[in-house]
Amino acid sequence: MDAVGVLIALLKIVVLFAVVLLTVAELVYFERKISAWIQNRIGPNRVGPAGLLQPYADVLKLLMKEDVVPAAANRFLHALAPVVSISIALAALAVVPIAGSPVTLFGRSVIPVIADIDVGVLYILALSSMGVYGLTIGGWASNNKYSLLGGLRSSAQMISYELSMGLSLIGVVMITGSLRLDEIVRHQAGWMWNIVLQPIGFVTFLIAAFAETNRLPFDLPEAEHELVGGYHTEYSSFKFALFYLAEYANMITASAVIATLYLGGWQVPGLSRLGLSTGAEIAMQIGAFLAKTAAMLFFFQWVRWSIPRFRYDQLMNLGWKVMFPAALANIVLTALVLLFVE
Amino acid sequence: MKRKRIAYRPVGDDFSPMLISTSYDMSLFPGHTSSILTGTTRSIIPPARLVTFSTLVFLVSSATAVVTGILVITRSSALHSALFLILNFLALAVLYLSLQAQFIAVIQVIVYAGAIMVLVLFVIMLLNLREENHRCRSFPRRHLAGILLGAGILLIFVQAIIAASVSYPSSLARNAAEIGTSSAIGDLLYRSFVFPFEMASILLLAAIVGAVVLAKKRFP
């Protein structure tokens, strides 16, 4: 491993982290602004121009709070849980490609993804299945019945929805014939996005993504009306900030993955006909990828402020009796269509 | 028969130049990282440093696997045991990865660390098994039986490993990066071994149906 290679890899990781963390800050601002628009309010407008610096003020406030750990808590696991959450949320983005062709940097061509691995789709599934540990361990280590209930709910919810998530992805893999995210995006050239080819799979994957990120209408692990705050009831200060960060980082990861798998990733329809230079094309592709991710993020927040929370039995019924059969039917349907087309 | 001793070594050690030039496509193996991470296809890594890096990965992950494995059976709290078992599975996944079997590595994380252990944690938390302070009453006879049994199994394992390392073809090592990909495994499962594979899936289906029937509890 030569020095320049390591340097480029580190640079990519640092850029990704910086972009995600800054986006989280602005995402919190937009969450509050969008909720204000939807509820006919103004939203944060005091700190900085149009309230743009509000998230930084919030972060500072959180950092200055006292870190309270319950006396009967398991101190090590209590501290470990938020770290697990945030690292898993950030790691999944490593396989998402953001442009179509390599960039030249320091005299060598650099692929526009941190790790282009053969099993990209499975890597994302593996990380999302590990994501539950942060909430579960946090809920258990707090030694509080509300936290424990939140942790239990999160594990039950994630097990139920991971199945539909994996099954809906199989349709995409069948069409593409590869688990590599780069090839999945290349396969969606023009308007042949997977959302067109896989409408049922898209809907089931989208719903499962909401459940996996614990966003409303599926935020039962932290349902504040029933569980005070769920798994993070006993968390304060920076540990709470990490959980908060992880929730939004998860949302960014889910949006980027949905954009990559179903919305064509960095594909811009008709881009090759414009006759742009390679550099401009790459810039357009990165822009398209970011725009699609941003649209998905807006959708996440739009849904949060439009749809009320599910009841626990409704959540389980939806997961096992609607989503699971629908995802299975999607596989059979895709197989039949592929059989007759080929 | 000439006994060709091939000591264990992480497979990636003998790199052919062909492998390096295509490594961009295929692996997550640590030695390949520079080419994966940067996408460069021309960086040829000096083999000596590579060996040390993959050996280091092997040592760290196998030590983690052994230590966490011991901790799993010695902790008194069920939850701690389960958490160490998760770490153990992750260390095993890293070992698979260092053998270039990235498909197996990821499946190991999804199935064992991700699905089964979540269920185990779920049950432990549901039953709320706190530190129950199991009185460790001594059962010398049982201990003796356990030690004997363990020694027997260890003997079988050592024998198997020695036998395997004798007939270990070096061509397998060279193609490890190709064998470990999902397409290669899919090819094997659905072409060469399709009958045993389908038999296993029917068996599992029967087990699922049986579990559902038992769970319904409509027996007189």
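The values are calculated or read from the model by the stated rules, or taken from the named source; none is laboratory data. The model shown is predicted, which means the values in this text are computed figures rather than measured ones. Cβ atoms come from the backbone with ideal geometry, glycine included; neighbour counts cover every protein chain shown.
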Suppose the filter is over 22 Å from residue B:110 (Cβ atoms) and surrounded by fewer than 22 Cβ atoms within 10 Å (Cβ to Cβ); does residue A:170 pass it? no
Failed condition for residue A:99, given (1) assigned to a helix (DSSP H, G or I); (2) surrounded by fewer than 22 Cβ atoms within 10 Å (Cβ to Cβ); (3) among the small types (Gly, Ala, Ser); (4) more than 10 Å from chain B (Cβ to nearest Cβ): (1)
Test residue A:285 against the criterion of being out of contact with any strand residue (DSSP E or B) (no Cβ under 6 Å at 6 or more places or on another chain) and exposed (fewer than 14 other Cβ atoms within 10 Å of the Cβ), and give yes or no. no
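So that you can scan it fast, the table gives a plain yes or no per residue for (1) hydroxyl-bearing (Ser, Thr, Tyr); (2) assigned to a helix (DSSP H, G or I); (3) modelled with pLDDT of 90 or more; (4) in contact with a Lys or Arg (Cβ under 7 Å, 6 or more places away or on another chain):
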{"position": "B:44", "(1), (2), (3), (4)": "no, no, no, no"}
{"position": "B:53", "(1), (2), (3), (4)": "no, yes, no, no"}
{"position": "B:58", "(1), (2), (3), (4)": "no, yes, no, no"}
{"position": "B:62", "(1), (2), (3), (4)": "yes, yes, yes, no"}
{"position": "B:66", "(1), (2), (3), (4)": "no, yes, yes, no"}
{"position": "B:69", "(1), (2), (3), (4)": "no, yes, yes, no"}
{"position": "B:73", "(1), (2), (3), (4)": "no, yes, no, no"}
{"position": "B:81", "(1), (2), (3), (4)": "yes, yes, no, yes"}
{"position": "B:85", "(1), (2), (3), (4)": "no, yes, yes, no"}
State whether the residues of region A:177-197 include one that is within 14 Å of chain B (Cβ to nearest Cβ), closer than 22 Å to residue A:314 by Cβ, in contact with a Gly (Cβ under 6 Å, 6 or more places away or on another chain) and buried (at least 21 other Cβ atoms within 10 Å of the Cβ). no
Might you let me know whether region A:90-103 holds any residue that is under 21 Å from the mean Cα position of the chain (by Cα) and under 21 Å from residue A:237 (Cα atoms)? yes
Given (1) more than 28 Å from residue A:242 (Cβ to Cβ); (2) in contact with a Gly (Cβ under 6 Å, 6 or more places away or on another chain); (3) of a type in the set (S, T, N, Q), number of the condition residue A:85 does not satisfy: (1)
Considering B:205, B:172, B:129, which residue is within 14 Å of chain A (Cβ to nearest Cβ) and at pLDDT below 75? B:129
Restricting to region B:75-119, name every residue that is touching a Pro at 6+ places or on another chain (Cβ under 6 Å) and within 11 Å of chain A (Cβ to nearest Cβ). none
Could you grab me the full set of residues in region A:121-136 that are touching a Ser or Thr at 6+ places or on another chain (Cβ under 9 Å), facing chain B (nearest Cβ under 10 Å) and part of a helix (DSSP H, G or I)? A:121, A:122, A:124, A:127, A:128, A:132, A:133, A:136
Of A:77, A:93, A:62, A:52, the only residue that is of a type outside the set (Lys, Arg) and within 11 Å of another protein chain (Cβ to nearest Cβ) is A:77
Can you find a residue that is in contact with a Lys or Arg (Cβ under 7 Å, 6 or more places away or on another chain), within 9 Å of another protein chain (Cβ to nearest Cβ) and crowded, with 21+ Cβ neighbours inside 10 Å anywhere in region A:145-160? no
What are the residues in region A:296-316 that are assigned to a helix (DSSP H, G or I) and either touching a residue at least 60 places away in the same chain (Cβ under 8 Å) or surrounded by 14 or more Cβ atoms within 10 Å (Cβ to Cβ) (or both), if any? A:296, A:297, A:298, A:299, A:300, A:301, A:302, A:303, A:304, A:312, A:315, A:316
